[in-house]
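Notes to accompany the following structure.
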Amino acid sequence: TGLPPQKTPVFQILGLISMLSDGFYVPEGGMGKIPEALSQSLKNNGGEIFLNSKIRKIRVKNGRVYGLEVEGQGLEEVDGVISTVSGMVTFGSLLNPEDVSGGMRRKVENAPLSHKALSLQLGLSNLVGPCSHSNSIFPNMDEQYKVFMPDVDDLKWFNYTVPTVTMPELAPRGGSIIEMFLPVKQSLPVNDWDEQEKEKVVESAVTALSRIHKINIAVKRVLSPKDFQDRMHFYKGALYGLSPAADPRTLFPHDPPIAGLYQAGQTTYPGYGLGPAAVSGIFAAEALMRTGG
């Protein structure tokens, strides 16, 4: 969360303790198995999935959702919508301002956003041999705040992961992948992240890694906060939307005051993380079934 332990919500600390004591589990075959299972269940129950269909607007009439304006397809009439993009996008841009209550507009304006970061993926032609999948070079506890203070001239503290399965388009056979999420200046406007700014951070990271491993770079992928905003559609480049440490009262409702509209995802209760986001989908579906869509 970027907060000191004294100000970190207790549920965040309990989650870390549970991970350390019980282990950290991911699906066999990778995280993509979760949407694969969900999509197959939807199809088995008669649902259809339309990919690459950009939603321009959620249309409302007399306080009720009646359609979706789809890029290149025009208006599609619907009885209900479950929006899984962030609440800031749903109520800040997908709906017309006159359809959003003043309270919801204030919630969007005052949303406490999570941190921004730079993502670096290095495909190496050589094999690196760290002692674990996740590797942290951190200071002692009383100085751990320095991990979140970027220093592009001398990167000392960082975390990096070395996946056990390498994508052939990223690392050649016999090579390795190193992934890093690097701290950046939170005050730097998202649109100021040009190629020069990105390269300064990447160069610092490669220099730091080279002190530990031999680094023969074959492929390099970089996503700056601006890339997360423009290419990945993360609201203002914030990695998690709302801050994981945000007050639960800042979360968006599953059943907002617009008939036929429902909200799911980690900007709704119970908040941040894959499990809580999945639970929010259940809550949204239950709300839809209670009201008949």
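The values are calculated or read from the model by the stated rules, or taken from the named source; none is laboratory data. Note that the structure is a prediction, hence the values are computed from the model and not measured. Using ideal geometry, Cβ is built from the backbone for each residue, glycine included, and neighbour counts are taken over all protein chains shown. The area values use the complete protein model at the heavy-atom level, side chains included, leaving out ligands, DNA and RNA. Shrake-Rupley method; radii C 1.70, N 1.55, O 1.52, S 1.80 Å.
To the nearest 20 debye, what charge dipole does the chain have about its Cα centre, counting +1 at the Cβ of each Lys and Arg and -1 at the Cβ of each Asp and Glu? Don't skip to the end; give the middle numbers.
Values: 28 positive and 30 negative charges, 28 e Å.
I would put it at about 140 debye.
If you roll a 1.4 Å probe over the range 184-236 with all protein chains in place, what percent of the accessible area is carbon or sulfur?
Numbers: 1590 of 3290 Å².
Its accessible area is 48 percent carbon and sulfur atoms.
Residues with amide H under 5 Å of residue 218's amide H, sequence separation 5 or more or different chain, H placed in the peptide plane at 1.01 Å from N; which?
Counting only residues 5 or more places away or on other chains, the set is 123, 124, 125.
Could you give the angle, 0 to 90 degrees to the nearest 10, between helix 274-291's Cα long axis and the longest principal axis of the Cα atoms of the chain?
On a 0 to 90 degree scale, this one is about 0.
Scaled to the compact-protein estimate 2.2 N^0.38 Å, what is the alpha-carbon radius of gyration of the range 51-190, rounded to two decimal places? Before the final figure, lay out each step's value.
Details: Rg = 22.3 Å, N = 140, 2.2 N^0.38 = 14.4 Å.
Taking N as the residue count of the range 51-190, the ratio is 1.55.
Just how much of residue 272 is accessible, in Å², when a 1.4 Å probe is used and the result is rounded to the nearest 10?
Residue 272 exposes around 90 Å² with every protein chain in place.
I'd like to check one number: the per residue accessible area of the chain, probe 1.4 Å, reported in Å² as a whole number.
Working: 17800 Å² over 293 residues.
Per residue, the chain has an accessible area of 61 Å².
When the chain is modelled as a GNM with alpha-carbon springs shorter than 10 Å, which of 116, 198, 43 fluctuates the most?
The residue with the greatest mean-square fluctuation here is 43.
Enumerate the calculated ³J(HN,Hα) couplings along the range 19-28 in order (Karplus 6.51 cos²θ - 1.76 cosθ + 1.60, θ = phi - 60°), each rounded to whole Hz, writing x wherever the residue is Gly or Pro.
4, 5, 7, 9, x, 10, 10, 10, x, 4
Just how far, in whole angstrom, is the range 206-282 from the range 29-98 if you go by their alpha carbon centroids?
Using only Cα atoms, the two centres lie 18 Å from each other.
With n ≥ 4 as the cut-off for DSSP H runs, can you work out [θ] at 222 nm for the chain, using -39500 (n - 2.57) per run divided by the number of residues, rounded to the nearest 500? Numbers along the way, then the final one.
On the way: 6 runs with 73 residues, N = 293.
Per the formula, -8000 deg cm²/dmol.
Can you pick out the pairs among 57/220; 107/198; 33/156; 107/236; 146/236 whose Cα atoms lie more than 26 Å from each other?
On the way: 57/220 36 Å; 107/198 32 Å; 33/156 36 Å; 107/236 15 Å; 146/236 24 Å.
Beyond 26 Å: 57/220; 107/198; 33/156.
Over the range 85-156, with every protein chain in place, what whole percent of the accessible area is carbon and sulfur at 1.4 Å, could you tell me? Walk me through the intermediate numbers first.
Values: 2050 of 3970 Å².
The C+S portion of the solvent-accessible surface of the range 85-156 is 52 percent.
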